[in-house]
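See below for the structure under consideration.
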Amino acid sequence: MILNDAVDEILDNVRKVSDSLDPENIQQMNNILKTSQNVFVMGLGRSGLMARAFAMRLMHLGISVYVVGETITPAITSEDCLLAISGSGETLSIISAAEMAQKRSAKIIAVTSYVDSTLGEMADLIVHIEGRTKIDSEKNYLTRQINGKHQSLSPLGTLFEVTSLIFLDGIIAQLMVEMGKTEEDLKARHTVLE
């Protein structure tokens, strides 16, 4: 069934990315997240949904976090960091936000498939999340076959987005241990205004 093949493709990508993570890079990311006065997260489209999910868990950990674009988001300062999620690393509004963060001397963490992208070049720290993004789509069937790139069963940026979500949830698990937090601590900060 196509469904099973698509799920296998997504899971294979998650495993491949997980196996390729650099522990030192992850520790640097966690140190930035733990020591920043405020963490600003941003992404657009489905990547934006992944950013919001990560922001929620950071809040549960007691980290001061804001989603870029919300009306209550304050000015970014040199004591803060911006975590920007962009598969292509070329999304204009994310580049614009990163430029502002850079001007204000905030740290920038890029979560992207393209480490050599504009966002990657601006970042203080890059987390490489491999995945097919919109810019990967080779339209010519013959070219795809010659290059050994067959049509993905996961549309558009799905591999990047799902893998990013799972990676960021893994970061939360790692931060819980590093910060000595339990699930009860997180539950205590969970919204009750539902």
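The values are calculated or read from the model by the stated rules, or taken from the named source; none is laboratory data. In this text, all values refer to a predicted model and were calculated from it rather than measured experimentally. Because the Cβ atoms are built from the backbone with ideal geometry, glycine has one as well, and the counts that use them run over all protein chains shown. Ligands, DNA and RNA are stripped out before the accessible areas are found, and what is left, the full protein with its side chains, is counted by its heavy atoms. Shrake-Rupley method; radii C 1.70, N 1.55, O 1.52, S 1.80 Å.
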Quickly run through the range 1-20 and pick out the residues that are in contact (Cβ under 8 Å) with a residue 12 or more places away in the chain and either among the aliphatic types (A, V, I, L, M) or out of contact with any Leu (no Cβ under 6 Å at 6 or more places or on another chain) (or both). Ile2, Ala6, Ile10, Val14, Lys16, Val17, Ser18, Ser20
Residues of the range 75-87 classified as small (Gly, Ala, Ser) and under 13 Å from Ile126 (Cα atoms), total: 3
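Go through the range 1-18 and give me each residue that's part of a helix (DSSP H, G or I) and hydrophobic (A, V, I, L, M, F, W, C).
Looking only at the range 1-18, we keep the residues that are part of a helix (DSSP H, G or I), and these are 2-18.
Ile2, Leu3, Ala6, Val7, Ile10, Leu11, Val14, Val17, listed by residue number.
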Would you pick out the residues in the range 35-48 that are part of a helix (DSSP H, G or I), touching a residue at least 12 places away in the same chain (Cβ under 8 Å) and open to solvent by 80 Å² or more (accessible area, probe 1.4 Å)? Arg46
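For the range 63-74, check the following and say yes or no: at least one residue is part of a strand (DSSP E or B) and farther than 19 Å from Ala173 by Cα. Reasoning before the result, please.
We begin by selecting, within the range 63-74, every residue part of a strand (DSSP E or B); these are 65-67.
Going one step further and asking which of them are farther than 19 Å from Ala173 by Cα, we end up with 66-67.
Looking through the range 63-74, at least one residue is part of a strand (DSSP E or B) and farther than 19 Å from Ala173 by Cα.
Do the conditions hold for Ala51, that is, is it more than 16 Å from Leu175 (Cα to Cα) and either in a loop (DSSP other than H, G, I, E, B) or touching a His at 6+ places or on another chain (Cβ under 9 Å) (or both)? Spell out how you get there, then give the answer.
Working: more than 16 Å from Leu175 (Cα to Cα): yes; either in a loop (DSSP other than H, G, I, E, B) or touching a His at 6+ places or on another chain (Cβ under 9 Å) (or both): no.
Taking the combined requirement at face value, the residue does not satisfy it.
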Glu79 vs. criteria acidic (Asp, Glu), closer than 21 Å to Thr35 by Cβ and modelled with pLDDT of 95 or more: yes
The range 75-91 - residue that is in a loop (DSSP other than H, G, I, E, B) and under 14 Å from Phe160 (Cα atoms) and, of those, most open to solvent (accessible area, probe 1.4 Å): Ser88
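Within the range 94-130, take every residue that is among the hydroxyl-bearing types (Ser, Thr, Tyr) and assigned to a loop (DSSP other than H, G, I, E, B) and give me the one that is surrounded by the most Cβ atoms within 10 Å (Cβ to Cβ). Don't jump to the end; show me each part of the working.
Within the range 94-130, the first condition is being among the hydroxyl-bearing types (Ser, Thr, Tyr), and the residues that meet it are 96, 105, 112-114, 117-118.
Add one more test, that the residue is assigned to a loop (DSSP other than H, G, I, E, B), and what stays is 105, 113-114, 117.
Details: Ser105: 11, Ser113: 24, Tyr114: 21, Ser117: 21.
Ranking the candidates gives Ser113 first.
It is to be established whether one or more residues within the range 104-116 are acidic (Asp, Glu) and either farther than 21 Å from Ile32 by Cα or in contact with a Cys (Cβ under 6 Å, 6 or more places away or on another chain) (or both). If you could, list the steps in order and put the result at the bottom.
Step one: list which residues in the range 104-116 are acidic (Asp, Glu), which gives 116.
Subsequent filtering for residues that are either farther than 21 Å from Ile32 by Cα or in contact with a Cys (Cβ under 6 Å, 6 or more places away or on another chain) (or both) retains 116.
Looking for residues that are acidic (Asp, Glu) and either farther than 21 Å from Ile32 by Cα or in contact with a Cys (Cβ under 6 Å, 6 or more places away or on another chain) (or both), one finds at least one in the range 104-116, hence yes.
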When (1) closer than 19 Å to Arg189 by Cβ; (2) under 12 Å from the mean Cα position of the chain (by Cα); (3) touching a residue at least 40 places away in the same chain (Cβ under 8 Å); (4) open to solvent by less than 10 Å² (accessible area, probe 1.4 Å) are applied to Ala53, the one that fails is (4)
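Could you check the range 173-186 and list, in sequence order, the residues that are in contact (Cβ under 8 Å) with a residue 40 or more places away in the chain, part of a helix (DSSP H, G or I) and surrounded by fewer than 18 Cβ atoms within 10 Å (Cβ to Cβ)?
Restricting attention to the range 173-186, the residues satisfying the condition of being in contact (Cβ under 8 Å) with a residue 40 or more places away in the chain are 174-176, 178-179, 181, 185-186.
After this cut, where a residue has to be part of a helix (DSSP H, G or I) as well, the list is 174-176, 178-179, 185-186.
Correct list: Gln174, Met176, Glu178, Met179, Asp185, Leu186.
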Condition test on Leu159, is it modelled with pLDDT under 95, open to solvent by 60 Å² or more (accessible area, probe 1.4 Å) and not acidic (Asp, Glu)? no
